[in-house]
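Input: a single structure, listed below in structure tokens.
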Amino acid sequence: MMLFGKISRQFCGLKKLPRSRDSRYFWGWLNAVFNKVDHERIRDVGPDRAASEWLLRCGAVVRYHGQERWQKDYNHLPTGPLDKYKIQAIDATDSCIMSIGFDHMEGLQHVEKIRLCKCHYIEDDCLERLSQLENLQKSMLEMEIISCGNITDKGIIALHHLRNLKYLFLSDLPGVKEKEKIVQAFKTSLPSLELKLDLK
């Protein structure tokens, strides 16, 4: 009931704005709530469980180490020992993950693959944050970034810190302008990387 009261107060404050702006403001506010990091929750349930909750709450899916099936349903997250389910892959297609939620990834040690597709809130600072996480620098092997309109050359080049990255696919990124510079940067920093570009 308290949550409904807060939401209704938000709606009341929006009545004077044009309709399309109301909708954008509300969804932006709600997505920020979904991305908020609860450090106490991370301590209580461990980084993989807390990150799973964050990702599924935001519309992404995860796959755990040693499992073929993707976990899609927040209400059916597996229970059991905290160290049993380790996130190996993340597919954030059409999700609302944003930079304020990326602290959830700090303790993840087994993530090998991340797919960011049509993620409207992903910006350069997200990729910079992700590439600075020591655990991901060791574990990340594959990454796909597709149709994320706020990503620029700066964010892509930051990924060179993922020193074990073997495969990177970039497609439909209008903010990326200097393809040759990106190719050269990765040839120098990650010579064994398979880089696939589908950029204009």
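May I ask you to list the residues in the range 120-144 that are of a type outside the set (A, V, I, L, M), outside any helix (DSSP H, G or I), modelled with pLDDT of 95 or more and out of contact with any strand residue (DSSP E or B) (no Cβ under 8 Å at 6 or more places or on another chain)?
Glu123
Among what's in the range 160-200 and is of a type in the set (A, V, I, L, M, F, W, C) and part of a loop (DSSP other than H, G, I, E, B), pick the residue that is farthest from Gln132 (Cα to Cα).
Leu199
Are any residues in the range 131-174 more than 20 Å from Lys196 (Cα to Cα), touching a residue at least 24 places away in the same chain (Cβ under 8 Å) and not polar (S, T, N, Q), and if so, which ones?
Across the range 131-174, the qualifying residues are Leu133, Leu136, Lys138.
Within the range 82-109, track down each residue that is closer than 18 Å to Leu165 by Cβ and either surrounded by fewer than 17 Cβ atoms within 10 Å (Cβ to Cβ) or basic (Lys, Arg) (or both).
Answer for the range 82-109, where residues must be closer than 18 Å to Leu165 by Cβ and either surrounded by fewer than 17 Cβ atoms within 10 Å (Cβ to Cβ) or basic (Lys, Arg) (or both): just Gln109.
Would you confirm whether or not the range 125-134 contains a residue that is open to solvent by less than 50 Å² (accessible area, probe 1.4 Å), more than 10 Å from the chain's Cα centre (by Cα), among the hydrophobic types (A, V, I, L, M, F, W, C) and more than 21 Å from Ile156 (Cβ to Cβ)?
Checking the range 125-134: not a single residue is open to solvent by less than 50 Å² (accessible area, probe 1.4 Å), more than 10 Å from the chain's Cα centre (by Cα), among the hydrophobic types (A, V, I, L, M, F, W, C) and more than 21 Å from Ile156 (Cβ to Cβ).
Among the residues of the range 93-101, is any acidic (Asp, Glu) and over 19 Å from Phe169 (Cα atoms)?
Scanning the range 93-101 turns up no residue that is acidic (Asp, Glu) and over 19 Å from Phe169 (Cα atoms).
For residues that are assigned to a strand (DSSP E or B) and in contact with a helix residue (DSSP H, G or I) (Cβ under 7 Å, 6 or more places away or on another chain), tally how many sit in the range 86-119.
2
Restricting to the range 54-66, count the residues that are charged (D, E, K, R) and at pLDDT 95 or above.
1
Within the range 135-148, can one find any residue that is open to solvent by 50 Å² or more (accessible area, probe 1.4 Å), touching an Asp or Glu at 6+ places or on another chain (Cβ under 9 Å) and at positive phi?
Scanning the range 135-148 turns up no residue that is open to solvent by 50 Å² or more (accessible area, probe 1.4 Å), touching an Asp or Glu at 6+ places or on another chain (Cβ under 9 Å) and at positive phi.
Against the conditions (1) on the phi > 0 side of the Ramachandran plot; (2) crowded, with 19+ Cβ neighbours inside 10 Å, where does Ala60 fall short? Just the number, please.
(1)
Looking at this structure, is Leu55 among the aliphatic types (A, V, I, L, M), surrounded by fewer than 15 Cβ atoms within 10 Å (Cβ to Cβ) and either assigned to a loop (DSSP other than H, G, I, E, B) or touching a residue at least 40 places away in the same chain (Cβ under 8 Å) (or both)?
no
The values are calculated or read from the model by the stated rules, or taken from the named source; none is laboratory data. Just so you know, these numbers come straight off a predicted model, no measurement behind them. FYI the Cβ positions are ideal-geometry reconstructions off the backbone, even for glycines, and counts take in every protein chain you see. Please note that ligands, DNA and RNA were not included when accessible areas were found on the heavy atoms of the full protein model with its side chains. Shrake-Rupley method; radii C 1.70, N 1.55, O 1.52, S 1.80 Å.
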